[in-house]
Amino acid sequence: MTLTIHTEEDAQRQLKVTVEVPEERVEEQMRRSARQIGRGVNIPGFRPGKVPYRVLVQRIGREALRSEAVEELLVPVFEETMAQIETTPYAQPSLDDVQTEPLVLELTIPMEPVVELGDYRSLRKEIEPVEVTDEALDEALQRVRERHEVLEPVARPAMSGDVVTLSGVGEVIEEESTEVIFDEERIELLLDAETTFPGTDFVDNIIGMEVGDEGEFSITFPEDSEDESLRDKEAAFSVTVLDVKSRYLPELDDELAREEGDYETLDDLREALREELEEQAEQQARDDLFDSVMEELLEGATLVYSPIVVSEELERIIDNLKDQVTRSGWQWEDYMLLQGETEESLREEWQERAEEQVRRGLALRKFVEQERLAISEEDLEEAIEERLERFEENEELRDQMREFFQQGQGLEMLSSQLVMDKVHERMEAIVTGNAPSFEELEAAEAEAEAEAAAEEEE
């Protein structure tokens, strides 16, 4: 009993499928379902399992029996349909409608997206050399001092440079609304006008207060406040001082360097910090270039894909959040209540993000494919050895980490990193006009395949 299948591709790379199931097949399944049900019912005058079909139909009801049969047929009919149309779904197909009599199924099957990247090879950008300024290095050294600060409770009024513990509320009051911007039961603040509510006299109002003192005052945020929503607005505060501590920062010297880590002198620490800042700056520059190229690449790209792909990405985002919440010790329902959210509102909030991630993912995969970027066994082995250098003194841990990188999640993570490294390198080569041509890439790929084939024969 052959299925009758009608297919039509829509404008979003989806195959709309209508499946008509022969009535004989439905009737046959109804009889099988009736026999199965009949084994578990007692009807006077009939032995279990020997009840005639017509009697079972009268007892169960034809509509209920047909519903049972339809439910049993859904999976095998779907599998047969997929086998006949010979289309590999790009994402999970959806069952859109079921008409029970006659039995007709309507399916949507997401197909492989169409991705055309356009002339991204003509992109050009100036690559600025990475530079770590003396100011950035001084800030890093200051953070080292702050990590080794010494705080001591004092029985005196708060002074500039102290750390105070406050409780209280701060509100921006406007004609039609009140916005709470400060609501703390206990918070430590450094009395430094350049870092705590900068550009206001918040710190000046706290200086001179002692433990137990309560104060009410107002401040006005500057027109260049980092928080644009607070610019030129006035806020009223009501606070209580819970604690006052003096703050001592150690001198920048060799002793501090030794306390910070495996450094003999302050110069050693300074050089290590400079190298760290250079690595961070280089990574930031790589990320900025990647984002910039991806943005322009997407502007010139044509992408056609099923909305189901976005729905799956959105579910993945929600599932990841649920996992993070539960791993932190929260119940998902409690977290949602605290945030004042519902799953529906979260989906609305993150719909655009899911759409963007799908677009970037499709474009990136196409870029990797067109640029013939692949990692070899040698690439993997070299990367593994590089990551194992830090474990030279612990052979057992070294072996465990090697095993981690050679399979499962570790291998997947490492492979992803290596591919992205190649993506960054190729993007830089493209925007500086130094990328190999597609013809050169094709020739290199053919040569590598030939060498691999020859090695296999040997």
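The values are calculated or read from the model by the stated rules, or taken from the named source; none is laboratory data. All values reported here derive from a predicted model rather than from experimental measurement. Here the Cβ positions follow ideal geometry from the backbone for every residue, glycine too, while neighbour counts run over all protein chains shown. SASA here: full protein model, heavy atoms, side chains in, ligands and nucleic acids out. Shrake-Rupley method; radii C 1.70, N 1.55, O 1.52, S 1.80 Å.
Some observations on this one:
- Exclusive hit being open to solvent by 50 Å² or more (accessible area, probe 1.4 Å) and part of a loop (DSSP other than H, G, I, E, B), set 387, 372: 372
- Residues satisfying the stated conditions in segment 311-355, i.e. open to solvent by 80 Å² or more (accessible area, probe 1.4 Å), in a helix (DSSP H, G or I) and farther than 22 Å from residue 90 by Cα: 324, 327, 333, 334, 337, 338, 339, 344, 348, 349
- Filtered by the rule that a residue be farther than 20 Å from residue 265 by Cα, open to solvent by 50 Å² or more (accessible area, probe 1.4 Å) and in contact with a helix residue (DSSP H, G or I) (Cβ under 8 Å, 6 or more places away or on another chain), segment 129-162 gives 130, 131, 160.
- Residue within segment 163-184 that is assigned to a loop (DSSP other than H, G, I, E, B), open to solvent by less than 40 Å² (accessible area, probe 1.4 Å) and closer than 26 Å to residue 241 by Cβ present: no
- Pairs where the first residue, in segment 445-458, is surrounded by 10 or more Cβ atoms within 10 Å (Cβ to Cβ) and the second is modelled with pLDDT of 80 or more, C-beta under 7 Å, 6+ apart: 445/372
- Listed by first and then second residue, the pairs with beta-carbon distance under 9 Å, at least 6 apart or on different chains, first residue in segment 240-263 and over 16 Å from residue 138 (Cα atoms), second of a type in the set (Gly, Ala, Ser) and loosely packed, with under 15 Cβ neighbours inside 10 Å, are 240/212; 241/212; 242/212; 244/155; 246/161; 247/161.
- Pairs where the first residue, in segment 335-361, is on the phi < 0 side of the Ramachandran plot and the second is exposed (fewer than 12 other Cβ atoms within 10 Å of the Cβ) and of a type in the set (Val, Ile, Thr), C-beta under 8 Å, 6+ apart: 336/342
- Any hit, segment 278-294, residues being open to solvent by less than 60 Å² (accessible area, probe 1.4 Å), among the hydroxyl-bearing types (Ser, Thr, Tyr) and part of a helix (DSSP H, G or I): yes
- Taking the numbered list (1) of a type outside the set (A, V, I, L, M, F, W, C); (2) in contact with a helix residue (DSSP H, G or I) (Cβ under 9 Å, 6 or more places away or on another chain); (3) at positive phi in turn, residue 212 passes all entries but (2).
- Just one of the numbered conditions (1) under 29 Å from the mean Cα position of the chain (by Cα); (2) surrounded by 13 or more Cβ atoms within 10 Å (Cβ to Cβ) is not true of residue 398: (1).
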